[in-house]
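Reviewing the structure listed below.
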Number of protein chains: 2
Amino acid sequence: MPDRLTVAFLGFGNVGRALADLLLRKLDTLRADYDLAVVPVGVATGGHGLAVDPAGLDLAAALDAVRSGGDLAALHAGTPLGATADFIATCPADLVFETIPTNPQDGEPALSYDRALLDRGVHVATANKGPVAFGYRELSALARERGVGFFFESTVMDGAPVLAVGREGLPAARVRRVTGIFNSTTNYILTRMERDGMTFDEALREAQAIGIAETDPTLDVDGWDAAIKTVILANVLMDGDLRPADVEREGIRDIALADVESAEAAGERIRLLCEAVRAEDGAVRASVRPTRVPIGGVLAGVTGTTSIVDFETDTLHRLTILEHDPGPETTAYGLLADMVNIARGRHR
Amino acid sequence: MPDRLTVAFLGFGNVGRALADLLLRKLDTLRADYDLAVVPVGVATGGHGLAVDPAGLDLAAALDAVRSGGDLAALHAGTPLGATADFIATCPADLVFETIPTNPQDGEPALSYDRALLDRGVHVATANKGPVAFGYRELSALARERGVGFFFESTVMDGAPVLAVGREGLPAARVRRVTGIFNSTTNYILTRMERDGMTFDEALREAQAIGIAETDPTLDVDGWDAAIKTVILANVLMDGDLRPADVEREGIRDIALADVESAEAAGERIRLLCEAVRAEDGAVRASVRPTRVPIGGVLAGVTGTTSIVDFETDTLHRLTILEHDPGPETTAYGLLADMVNIARGRHR
């Protein structure tokens, strides 16, 4: 008999729906490889209502309903549920995938949602950077206390196993420095400027046109998204206790085409470099700023939406991980990987 | 009370001794981070005898004895042991670090040693490619049957978490293709040829002079080492069943400086590229051969002793890992990581 794991979706946007697709596609593999029978029992959306069925929800039907602009109410079993708060308080899932949008100010309301779920003894796998950047210590301590998992592989470099490498690939190591390029939008813009001679504004409009940049590009362009990810790595892998506002942060809004060209003339390229480093006094400091890097080196070779992280440790001198071609489906995969690792007890 | 884990060293060359140094340095960290009290109870060397003490062996004294050209006999407790076979049959360790030299023909005698240890219910962590390339399926099945671990992170890209990423970072994924540069010696030689205009012979002598190449460079230069590592990745991550002789293999012995220069003129560099790919018929095929790669791409940027692996999967499109500055101490770290992961039950 396989282990039964009931799961629910809190948030059902691009990532949540990509995860639902992936989960349906991988049900047989999960059973074959991990003896794991995953049963969806709930979906809570922003604009399409919510549905819970402890006996098993038809996830394909939920996808169809949402994609065709309908409502999930018809799939709900039992007494009607009110708002998200009811869903969080009563949803009969062993694990909840939380994928609501990131709030870069304070991580709310997801921070409270995740706290409430963990407090109920529900595992949480999230792609939402907010609760992790603002509540990692608290939420991971709570998860430990309740014996459940709080995993969030997809918050940095999508589904690339950056945090898994920290847990499984660097045991007993001390991370001295983490460097990287964590924001795809700004890297795409810089690449278009250097490759195609676009101005910042032209490259930004191009990024918006193909859906890489948001209509309000502030979070990416001013380095907030990169700062939040840097905080997550600093706090999780280096035992830091930073918040996004603690990061020395400079975005790429003021990078002119002339800056890109003068760097090129000097054999360099500009990258929005993120860094967390343990200072002499033991404290962890973090920064995000446009930095000139030598052409021919690995960082300059990171173009378009590719991202990279580089670890310096006391045991492996330098270890680098690159992720290529990110998308909702790679973010979704990080959540699936978290689920498998929690289900086999690796959160303990 | 921390968990007590007794360990023994089978092989005490550069890697075994670097591991002993690292273990002594990390004893407190292992206790603090993993509640693990590691107790060395045995060391078997090639030319300096062996010593077993079930109550705990003085590892620093063993290092001193071997480094000063002495013998371990004085550290032995109890009735004298004969040869390695006795050590394997009776050593009272929960886990053995096997680091004897790789035999590229058939993996022996390490294959038999590891089999005997696993059969006794002893965990094995090895840096030796032979037993893995020739006996992975058999030994991992035996380990499962006996409820022990058989881990070998250090066999490919030293201590970089390549196999850990397969286990923890890519659950339920299907690896379609693995590509990489796995042999440091040949990459160093190619880099010296392209950077400094050396001939193959000059670059090889240079590599030998600084200890990167063996006196008999056949294993590296003719692609055997790379082929063995490719087999390990193909069999472990892609469920292949290859042996080193199954790899289409071409080394770099016939690469002339003129070849390097003509590649450069075409905007390319030559790399000894390793590949394992799932063919249309489902079979896994592997090759090692000098390949021209575009300058400016990631592969051409892999110079000197750096190594790289690139995974194509059905979930993450492409994931790349690079390791820089390898040495006996990074190989040793892979063994330490294996030990931690086995001790916390992640072999199950």
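Within region B:114-133, can you find the residues that are out of contact with any helix residue (DSSP H, G or I) (no Cβ under 6 Å at 6 or more places or on another chain), over 10 Å from B:LEU95 (Cα atoms) and not basic (Lys, Arg)? Matches in region B:114-133: B:ASP119, B:THR126. Screening B:GLY121 with (1) outside any loop (DSSP other than H, G, I, E, B); (2) modelled with pLDDT of 95 or more; (3) open to solvent by 10 Å² or more (accessible area, probe 1.4 Å) gives one miss only, at (1). Count of region B:265-276 residues, restricted to those that are in contact (Cβ under 8 Å) with a residue 24 or more places away in the chain, over 14 Å from A:GLY296 (Cα atoms) and not in a strand (DSSP E or B), is 1.
Run A:LYS26 past the list (1) under 23 Å from A:GLU153 (Cβ atoms); (2) basic (Lys, Arg); (3) open to solvent by 60 Å² or more (accessible area, probe 1.4 Å) and report the number of the one that doesn't hold. Going through (1) under 23 Å from A:GLU153 (Cβ atoms); (2) basic (Lys, Arg); (3) open to solvent by 60 Å² or more (accessible area, probe 1.4 Å) one by one, A:LYS26 breaks only (3). Please identify the pairs in which a residue from region A:130-150 that is at pLDDT 95 or above has its Cβ atom under 8 Å from the Cβ atom of a residue that is of a type in the set (Asp, Glu) and assigned to a helix (DSSP H, G or I), counting only partners at least 6 apart or on another chain. Taking only residues 6 or more apart or on different chains, the pairs are A:PRO131/A:ASP114; A:GLY135/A:ASP114; A:LEU139/A:ASP114; A:LEU142/A:ASP119; A:ARG146/A:ASP119; A:GLY149/A:ASP338; A:PHE150/A:ASP114.
When region A:81-108 is filtered for residues that are under 19 Å from A:ILE232 (Cβ atoms) and of a type outside the set (Phe, Trp, Tyr), the ones remaining, listed by number, are A:GLU98, A:THR99, A:ILE100, A:PRO101, A:THR102, A:ASN103, A:PRO104, A:GLN105, A:ASP106, A:GLY107, A:GLU108. With respect to the stated conditions, B:ALA65 is of a type outside the set (S, T, N, Q) and closer than 18 Å to B:ALA20 by Cα.
Counting only strands (runs of 3 or more DSSP E) that fall entirely inside region A:277-327 and contain at least 2 residues that are open to solvent by less than 20 Å² (accessible area, probe 1.4 Å) and free of Cβ contacts under 8 Å to residues at least 40 places away in the same chain, the qualifying elements are A:318-324.
The residues on offer are A:VAL66, A:VAL52, A:VAL41, and the sole one that is under 25 Å from the mean Cα position of the chain (by Cα) and either among the aromatic types (Phe, Trp, Tyr) or closer than 19 Å to A:ALA89 by Cα (or both) is A:VAL41. Candidates are the residues of region A:208-248 that are charged (D, E, K, R) and surrounded by fewer than 19 Cβ atoms within 10 Å (Cβ to Cβ); the one that is nearest to A:PHE311 (Cα to Cα) is A:ASP239.
Being more than 9 Å from chain A (Cβ to nearest Cβ) and among the aliphatic types (A, V, I, L, M) is the filter here; which residues of region B:302-318 pass it? Passing the criteria: only B:VAL309. Output the residues belonging to region B:50-72 that are crowded, with 19+ Cβ neighbours inside 10 Å and either among the small types (Gly, Ala, Ser) or more than 12 Å from B:THR6 (Cα to Cα) (or both). Correct list: B:LEU50, B:ALA51, B:LEU59, B:ALA62, B:ALA65, B:VAL66, B:LEU72. Say whether the condition of being open to solvent by 50 Å² or more (accessible area, probe 1.4 Å), charged (D, E, K, R) and within 21 Å of the chain's Cα centre (by Cα) is met by at least one residue in region A:249-259. Checked region A:249-259: at least one residue is open to solvent by 50 Å² or more (accessible area, probe 1.4 Å), charged (D, E, K, R) and within 21 Å of the chain's Cα centre (by Cα). Looking at A:LEU95, is it within 14 Å of another protein chain (Cβ to nearest Cβ), closer than 30 Å to B:ASP314 by Cα and touching a Ser or Thr at 6+ places or on another chain (Cβ under 9 Å)? For A:LEU95, the condition - within 14 Å of another protein chain (Cβ to nearest Cβ), closer than 30 Å to B:ASP314 by Cα and touching a Ser or Thr at 6+ places or on another chain (Cβ under 9 Å) - is not met.
The residue that is nearest to A:ALA93 (Cα to Cα), counting only those in region A:134-152 that are part of a loop (DSSP other than H, G, I, E, B) and hydrophobic (A, V, I, L, M, F, W, C), is A:VAL148. Answer yes if at least one residue in region A:33-49 is outside any loop (DSSP other than H, G, I, E, B), surrounded by fewer than 13 Cβ atoms within 10 Å (Cβ to Cβ) and in contact with a helix residue (DSSP H, G or I) (Cβ under 9 Å, 6 or more places away or on another chain), and no otherwise. For region A:33-49, residues outside any loop (DSSP other than H, G, I, E, B), surrounded by fewer than 13 Cβ atoms within 10 Å (Cβ to Cβ) and in contact with a helix residue (DSSP H, G or I) (Cβ under 9 Å, 6 or more places away or on another chain): absent.
Scanning region A:328-345 for residues that are at the interface with chain B (Cβ under 7 Å from one of its Cβ atoms) and either under 17 Å from A:PRO171 (Cβ atoms) or open to solvent by 10 Å² or more (accessible area, probe 1.4 Å) (or both) gives a single hit, A:ASN341. Of all residues in region B:141-163, those being under 19 Å from B:LEU319 (Cβ atoms) and not hydrophobic (A, V, I, L, M, F, W, C) number 4. I want to confirm something. Restricting to region B:277-301 and keeping residues that are hydrophobic (A, V, I, L, M, F, W, C) and under 27 Å from B:MET193 (Cα atoms), which single residue is nearest to the other protein chains (Cβ to nearest Cβ)? Filtering region B:277-301 for residues that are hydrophobic (A, V, I, L, M, F, W, C) and under 27 Å from B:MET193 (Cα atoms), the one nearest to the other protein chains (Cβ to nearest Cβ) comes out as B:VAL298.
The values are calculated or read from the model by the stated rules, or taken from the named source; none is laboratory data. Not measured: the values here are computed from a predicted model. Because the Cβ atoms are built from the backbone with ideal geometry, glycine has one as well, and the counts that use them run over all protein chains shown. These accessible areas exclude ligands, DNA and RNA; they are computed on the full protein's heavy atoms, side chains included. Shrake-Rupley method; radii C 1.70, N 1.55, O 1.52, S 1.80 Å.
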